[in-house]
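Q: Got a structure here, written out as structure tokens. Questions coming.
Please treat every number below as a calculation from the coordinates, not as lab data. Predicted model only: the values in this text are computed from it and were never measured. Please note: Cβ atoms are built from the backbone with ideal geometry, for glycine as well, and neighbour counts cover all protein chains shown.
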Amino acid sequence: MEIAKFVLTAIGTFLSVFGLSFTVFQYWRKKQDERFAKLETETKQSIARLGERLGSLEQSVVRSFESRLSVIEGELKGLKPILMSIQNWFIHNTPSGK
């Protein structure tokens, strides 16, 4: 009889410890899932914000580039008459190879 009590007590203790461990593990797993879900949400939001920043930066760079090209184009248009007059001077003041 004592052996049967011992065996039943051992089985009961094992089931209690197993049940408690399983409950703790489920709680821990639920917390981990919540953390991963939160991390996933934060990551998606960060990526969206980064996309917006990159779009803004791209617009800024394009505007700056267009502005600089416009300035360069204006400078080149201003140089054209000067270069034409220098070319004409060389044409009129250089002996032709006759």
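Q: How many nm separate the modelled label positions at R29 and T13, each set 7 Å beyond the Cα in the direction of the Cβ?
A: Label-label distance for R29 and T13, simple model: 2.7 nm.
Q: Let me ask something additional. Relative to the longest principal axis of the chain, what angle (0 to 90°, nearest 10) does the C-alpha long axis of helix 2-93 take?
A: 0
Q: Dipole of the chain, Cα-centred, from +1 at each Lys and Arg C-beta and -1 at each Asp and Glu C-beta, to the nearest 20 debye? Provide the component values of the computation, followed by the final result.
A: Values: 14 positive and 10 negative charges, 33 e Å.
Charge dipole of the chain: 160 debye, to the nearest 20.
Q: Spin-label point model (7 Å from Cα, Cβ direction): what's the L39 to L76 distance in nm?
A: Inter-label distance under the simple model: 5.3 nm.
Q: Determine the shape class of the chain: with a ≥ b ≥ c the square roots of the Cα gyration tensor eigenvalues, call it rounded for a/c under 1.5, and otherwise prolate if a/b is greater than b/c, oblate otherwise.
A: Note, shape of the chain comes out prolate.
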